[in-house]
């Protein structure tokens, strides 16, 4: 059996948004309701503290609070991936070991970067992931995304997968993601356990055609994404194509219009959470964008608009 066929984790693992009060404090009660909704909506698993979780506005203490609170609340109902990226190797290791101790199933990490210009060569990236692997006994997902500003070639990703024990999952979010996924699977073979799609599912169908077995999307409508992924996994490609076309307008609203605040706007509209605001200085969603988002969602009747009412 191939590594992809026997992968420990497949399916839809949406990113959990971080919920705040209007004043900007963590709202842990809304956070728990958010997680409950996402599980009820069919999420195969969850990812926390990612970029779409506004991880960049959280203090280290808040990260710990959220990791512990969410993992304790999930109670093993679904696997949870914890994002632990930091420029410092030691900080990334400490975050990851703590997440593992509290019950994380996997960590997701970008190559080390800071701001627009601080990068390190491939030798240091390799050492970064090798040292992280040595400290863990759970899988590492490498997030290959433009935000890091770090080109990761397919041969380099394959080399890390083959030589670094825990490096076995890859979330590909670069331009031409399907081509990169296809090449990663072709060259990496058994070392590539989890070729995954990202970018809020805007390229989901081509990525599934390329061999992606996981999708890390936004958190507002896992039920819609599950329909597409489940149909495809069952060999019903034409059904998956039709479903993708059906849900694509809403996917587009998240990926191209509403962005990070989309899931929270949908959750607030459906009574899941108390406040949809991001944390200052992140700008609010334009009212016209929000109106178009809700109108588009209502045509599809996702669970998020009904769960809390």
I'm trying to understand the selection: among the residues of the range 110-140, which are buried (at least 19 other Cβ atoms within 10 Å of the Cβ) and assigned to a strand (DSSP E or B)?
140
Among the residues of the range 248-280, count how many are surrounded by 24 or more Cβ atoms within 10 Å (Cβ to Cβ) and in a loop (DSSP other than H, G, I, E, B).
2
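Quick check on this structure: which one of 52, 37 is closer than 30 Å to residue 210 by Cβ and assigned to a helix (DSSP H, G or I)?
Every option except 52 fails the conditions.
Residues are listed down the side, and each one gets a yes or a no for (1) in contact with a strand residue (DSSP E or B) (Cβ under 8 Å, 6 or more places away or on another chain); (2) surrounded by 15 or more Cβ atoms within 10 Å (Cβ to Cβ); (3) closer than 20 Å to residue 5 by Cβ:
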{"residue": "187", "(1), (2), (3)": "no, yes, yes"}
{"residue": "201", "(1), (2), (3)": "yes, yes, no"}
{"residue": "205", "(1), (2), (3)": "no, yes, no"}
{"residue": "214", "(1), (2), (3)": "yes, yes, yes"}
Show the residue pairs meeting these rules: Cβ distance below 6 Å; 6+ apart or different chains; first residue within the range 141-153 and assigned to a helix (DSSP H, G or I); second residue at pLDDT 95 or above and crowded, with 21+ Cβ neighbours inside 10 Å.
148/110; 148/111
Matching residues in the range 271-309 - criterion: being out of contact with any strand residue (DSSP E or B) (no Cβ under 8 Å at 6 or more places or on another chain), touching a residue at least 24 places away in the same chain (Cβ under 8 Å) and more than 22 Å from residue 201 (Cα to Cα)
271, 272, 273, 274, 280, 282, 306, 307, 308, 309
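Take residue 112 and tell me if it is farther than 21 Å from residue 209 by Cα and out of contact with any helix residue (DSSP H, G or I) (no Cβ under 8 Å at 6 or more places or on another chain).
no
For the range 175-212, how many residues meet the condition of being in a helix (DSSP H, G or I), touching a residue at least 12 places away in the same chain (Cβ under 8 Å) and at negative phi?
Narrowing the range 175-212 to residues in a helix (DSSP H, G or I): 177-191, 199-201, 204-210.
Subset that is touching a residue at least 12 places away in the same chain (Cβ under 8 Å): 177-185, 187-191, 199-201, 204-210.
Filter once more, so that each one left must be at negative phi: 177-185, 187-188, 190-191, 204-210.
So the answer is 20.
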For the range 213-239, enumerate the residues that are in a helix (DSSP H, G or I), touching a helix residue (DSSP H, G or I) at 6+ places or on another chain (Cβ under 8 Å) and within 22 Å of residue 185 (Cα to Cα).
228, 229, 231, 232, 237
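Every residue in the range 23-40 that is over 16 Å from the mean Cα position of the chain (by Cα), within 19 Å of residue 301 (Cα to Cα) and crowded, with 17+ Cβ neighbours inside 10 Å, please.
Passing the criteria: only 37.
Does the range 234-244 contain any residue that is in contact (Cβ under 8 Å) with a residue 40 or more places away in the chain, under 18 Å from residue 12 (Cα atoms) and under 17 Å from the mean Cα position of the chain (by Cα)?
Taking every residue of the range 234-244 in turn, none turns out to be in contact (Cβ under 8 Å) with a residue 40 or more places away in the chain, under 18 Å from residue 12 (Cα atoms) and under 17 Å from the mean Cα position of the chain (by Cα).
The values are calculated or read from the model by the stated rules, or taken from the named source; none is laboratory data. Predicted model only: the values in this text are computed from it and were never measured. Glycine gets a Cβ as well: all are built from the backbone with ideal geometry, and neighbour counts include every protein chain shown.
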